[in-house]
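Visitor: Below you will find the structure I want to go over with you.
Here, each number is a calculation from the coordinates, and none is a lab measurement. As the structure is a prediction and not an experimental result, all values here were calculated from the model. Please note: Cβ atoms are built from the backbone with ideal geometry, for glycine as well, and neighbour counts cover all protein chains shown.
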Amino acid sequence: MDEESDDQDQQQSPLHRPLLRKRPLFRNMAAFWILGLCNNFAYVVMLSAAKDILERSDTTNQTHQSTECVKNVEDLPKCSNISTGAVLLADILPSLLVKLLAPFTLHYFPYSVRHTMVILLQCLSFLIVAFSTGLFMGLTGVVFASIGAGLGEVSYLSLSSHFHSDTISSWSSGTGGAGIVGSLAFAVLTDHLHKVVLWRRESLWLSNRNRHAYGRLRSSSPTQSVHSPLLEAARSVENLADDTQSQKTKLFLTVQDRFRLIQPLLKYMLPLLAVYFAEYFINQGLVELLTFPCSTGFYLSVASQYRWFQVLYQIGVFISRSSVKFCPIRASILPVLAVLQFVNAIVLFNDAIHPHAPHILIIFCMVFYEGLLGGSAYVNTFNAVHKSVDHENREFSMSFVALSDSLGIVLAGFSAIMAHNFICAHR
């Protein structure tokens, strides 16, 4: 009885109310950060491993597979048989298909079911790639990672519509953290651990972190008790984010209503699509062709250069995706980011055809800057949607806007393959 009365006094005391309300907010922000980290981890690792996956079918270019730096410029590899854009397409097309279907179908499935599917798909992707012996099996693993990442992104972004807008910045920062953790782990550990051991360890770590993060989400709605669980995935299927109230809200949106909501979202989607097109055109179409000898390449092998390009890009993404609370960008400025990203692509395209960068450090800086632009466009786009769209339409809007980055990446993947062939024919 004494404990209950103390709890009631604390709940009624104005001094305790702000503290009680901040606790679930911090808990939710931390959970969304970890969900973002885990959701994009497999996606990042697959792109960082793109050259390694392709090497399993490329036996003609042994320079690519060397772990030592190339001493002379003349000995640098000219081109690989297959562009890393092929891995990009395998890593994004299934995700795009999921995102196309999600706004009109996924609301029939509980969040716990989607969350479990995300974990299973990502773990399966790591195991398939770990034990793959050829290109087809390796790309199959990439496809499973893509489905899991796409399903996770639309599900968790939709889920964030039921929480405070700060969860968007936490989610975005977590996805940026996935870039650093995934690319850095692969770059550093791939030469020190057997690849099968590495991929298996990553899959186990991913599943544990993802499962615990989802179980920690709690509601901080003023209409409910501060301590009442909204999502307890590890305990019960009934205590889900798709509770009765949110389920009713979804049912009010007919298919015609959803299509009417699309047009106002284009002002957010088109700049993000353009930024991601230029961004992944650089990462998967140009970066693999920017190679340096020992003296100007920090004595890194060609394969290591590619991995560290990915690491620096992901660091830029993480910094900018974590900056929305400190340096928000208005929606009207988003097209400027697209223009700047296209300038990057043009400069690096020219360097890929006619190499003129005197040192790899210059390309490192440009790739880092590219990551800053891409991450900033992502987090500020979803932050703007979350704040400008009415609550009853927010869940659908968040999941639909998630299409834009995937569409840009798909276009970049096809363009990267064509650019690879064009550049290789003119070098």
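Visitor: Residue-wise, which Karplus ³J(HN,Hα) couplings in Hz belong to the stretch 123-128, taking 6.51 cos²θ - 1.76 cosθ + 1.60, θ = phi - 60°, and x for glycine or proline?
Guide: Going residue by residue, I get 4, 4, 5, 5, 5, 5 Hz, with x marking Gly and Pro.
Visitor: Could you give the length gained on full extension between N350 and M418, defined as 0.36 nm per residue of separation minus the Cα-Cα distance, in nm? Walk me through the numbers before you get to the answer.
Guide: Details: separation 68, 0.36 × 68 = 24.48 nm, distance 1.51 nm.
Fully extending the segment from N350 to M418 adds 23.0 nm.
Visitor: Could you state the number of Å between the C-alpha centres of the stretch 71-127 and the stretch 148-173?
Guide: Distance between centres, Cα-based: 18 Å.
Visitor: Net charge around I282, counting only other residues with Cβ within less than 13 Å of its Cβ (Lys, Arg = +1; Asp, Glu = -1)? If you can, show how the numbers build up before the last one.
Guide: Numbers: positive: none; negative: E279, E288, D351, E370.
So the environment of I282 carries a net charge of -4.
Visitor: May I pose another question? Evaluate the distance, in nm, between pseudo-label points positioned 7 Å from the Cα of A30 and of C79 along their respective Cα→Cβ axes.
Guide: That separation, rounded to one decimal, is 5.2 nm.
Visitor: Please give, to one decimal in nm, the separation of the simple spin-label points placed at A331 and A425, each 7 Å out from Cα toward the Cβ.
Guide: Output for this residue pair reads 4.3 nm.
Visitor: Could you calculate the contour length gain from L101 to M137, that is, 0.36 nm times the residue separation minus the distance between their Cα atoms, to one decimal place in nm? Don't skip to the answer; put the middle values down first.
Guide: On the way: separation 36, 0.36 × 36 = 12.96 nm, distance 2.59 nm.
Taking L101 through M137 to full extension adds about 10.4 nm, to one decimal.
Visitor: Let me know the charge dipole size of the stretch 270-427 about its Cα centre in debye, to the nearest 20, where only the beta-carbon of Lys, Arg (+1) and Asp, Glu (-1) is charged.
Guide: On the way: 7 positive and 8 negative charges, 48 e Å.
With Lys and Arg at +1 and Asp and Glu at -1, about 240 debye.
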